[in-house]
Amino acid sequence: MLIHSASQLLTLAGGPQRGRDLGRLGLIEDGAVLVRGGRIEAVGPSAVLRAAYPHEETWDASGHVVMPGFVDPHTHLVWAGDRAQEFEWRTQGKTYQEIAAAGGGILATVRATRAASLEELLAQARQRAWTMLRHGTTTAEAKTGYGLEPATELRLLEAILALNAEGPLELIPTYLAAHDVPPEFRHDPQGYVDQICIEMLPEVRAWWQAHVPGRPLPFVDVFCERIAFDLAQSRQILERARALGFGLKIHADEFEALGGARLAAELGAVSADHLVKTPPEDIRALAASATVAVALPCTPFGLAQPEYTPARAILEAGGLLALASDLNPGTAWCESMPFVIALACRYLKLTPAEAIAAATINAAAAIGVADRLGSLEPGKQADLLVLEVADYRHLGYRFGTNPVKRVMKRGVWVVE
Ligand code: NIG
Ligand code: FE
């Protein structure tokens, strides 16, 4: 199929975009893209492609932006229940940390998730997956982390695999058993860290190799924060995971600077996420590494906190910056990357072009798939969006409504 006459075709070609280089859209006016067998075969001006492929089935995109599908590289997609009660408490002045200390927070969702069957988890996550697709996300990372015990963490991994197999949203899994200390280990957090290292990580690897042999292992992630795991515990878990062959991620500096970003750079993690309180020297360490800095502006917004990721400092230091939703029931129930972009343009001071690159090609880099996703280039998977608008800057500029008109996944219209 030849999609042609796009007012603006954004290719995002040329690989991940570092530092001040962020924002290269590869914009082609009156652009076209040829899709065959689920892949991009050619990209260029409409006149050129129409002449080169005269017999191809066509789709007229005039008046619309055509661009790669969004990649959302940090989500907690699979959980049971909701925390609307906690949200109401926060509007009345209680803090997230106070609610967590009183047994709410992550542990409230853990109770609901442990009680849910695989089918219930699938039904609830599936709805969110479709909402994400309708808002233009064609690939997302999805974390476990609401089980905090071997069997439930595996059930969450199973749910992620099942939803990915179902499609059309493609999911890249992350194992986040180190999301919080479970109630059983409340008086012995180090005991849980040891259990993760000695028992759970090897078990997950064996389970994975038995169930989906040949598929790359999930990433392993840690919530490195005073309310969860300290720097030494985070290092212990991530070093063990690395030794077992897992790729690494970290939740760092969301509420306090503990050194997680520096640790991620040192260990060669694929990404370090949140980075609200990251000090200048840790920004420099991150920027000098291959680790992608993932900003999650929905989280401070969701908590009504004034401080956001210092994105401009990360770019000035030459870092790789990506954007994600952090979709979760506590701080940021948001399935919309267009809304993430709108926040990033205001609170992270990104231009629309920078935010779009951070939500596509750089987001793909943050989950290790930039070689096949995140841009419209020959050979890449045909995951693309048609926007309602003719000018890409309406992404960021407008918010609260959905600018996505059509979504193609692997060469098939899945939202139209
Ligand atoms: O990113 N970092 C930890 N996880 C989420 C919160 C999860 C929850 O509250 O359920 C976050 O803010
Ligand atoms: Fe998170």
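Throughout, read-outs are computed from the coordinates displayed, never taken from laboratory work. Please read these numbers as outputs of a predicted model, since none were measured by experiment. Here the Cβ positions follow ideal geometry from the backbone for every residue, glycine too, while neighbour counts run over all protein chains shown.
Between Asp188 and Arg398, what is the label-to-label distance in nm when each label sits 7 Å out along the Cα-to-Cβ direction?
Between Asp188 and Arg398, the label points sit 5.7 nm apart.
Less than 12 Å Cβ to Cβ from Arg410, Lys/Arg counted +1 and Asp/Glu -1: what total charge do the surrounding residues give?
Here the count lands on +3.
Suppose the chain between Ala123 and Ala165 were pulled fully straight at 0.36 nm per residue; how much longer would it get relative to their current alpha carbon spacing? Each step should come with its number before you reach the end.
Values: separation 42, 0.36 × 42 = 15.12 nm, distance 1.43 nm.
Working it through step by step, the gained length comes to 13.7 nm.
Could you state the angle between the C-alpha long axis of helix 118-134 and the longest principal axis of the C-alpha atoms of the chain, as a value from 0 to 90 degrees rounded to the nearest 10?
With rounding to tens, the tilt is 40 degrees.
Given 0.36 nm per residue, what is the gain on full extension from Thr91 to Val412 after removing their alpha carbon distance, in nm?
Gain in length upon complete extension: 111.3 nm.
Determine, for each peptide in 222-228, 71-77, the mean count of other beta carbons within 10 angstrom over its residues, then list the peptides with the highest first. Please list the in-between numbers first.
On the way: 222-228: 21.6, 71-77: 29.7.
Ranking, from highest mean packing down: 71-77, 222-228.
With r as the distance between the Cβ atoms of Ala151 and Arg346 and R0 = 41 Å, compute the FRET efficiency 1/(1 + (r/R0)^6) and round to 0.05. Mind showing how you got there, number by number?
Working: r = 43 Å, r/R0 = 1.04.
Computed FRET efficiency for Arg346 and Ala151 comes out at 0.45.
In degrees from 0 to 90, rounded to the nearest 10, what is the angle of the helix 231-243 Cα long axis to the longest principal axis of the chain?
Long axis of 231-243 versus the principal axis of the chain: about 60 degrees.
Can you pull out the GluC sites (Glu not before Pro) in the stretch 274-317 that DSSP calls coil and that have at most 13 other Cβ atoms within 10 Å?
Taking the stretch 274-317 and a limit of 13 other Cβ atoms within 10 Å, the loop GluC sites (Glu not before Pro) found are Glu307.
For the stretch 56-126, run through the trypsin sites (Lys or Arg not before Pro) and keep only the ones in DSSP coil with at most 14 other Cβ atoms within 10 Å of their Cβ. Show your work: numbers first, answer last.
Working: sites: Arg83, Arg90, Lys94, Arg111, Arg114, Arg126; in loops: Arg83, Lys94.
Answer in residue order: Lys94.
If I stretch the segment between His211 and Ala257 completely, what's the gain in nm (0.36 nm per residue apart, minus their alpha carbon distance), one decimal? Walk me through the intermediate numbers first.
Working: separation 46, 0.36 × 46 = 16.56 nm, distance 3.81 nm.
Computed gain between His211 and Ala257 is 12.7 nm.
In what sequence do Ile283, Ile361, Ile99 fall when counting other Cβ within 10 Å, fewest first? Walk me through the numbers before you get to the answer.
Details: Ile283 24, Ile361 28, Ile99 19.
Lowest count first: Ile99, Ile283, Ile361.
Please determine, in degrees from 0 to 90 and to the nearest 10, the orientation of helix 150-166 with respect to the longest principal axis defined by the Cα atoms of the chain, where the helix direction is its Cα long axis.
Here the helix axis deviates by roughly 10 degrees.
Please report the spacing between the Cα centers of the stretch 66-115 and the stretch 253-318 in Å, no decimals.
21 Å
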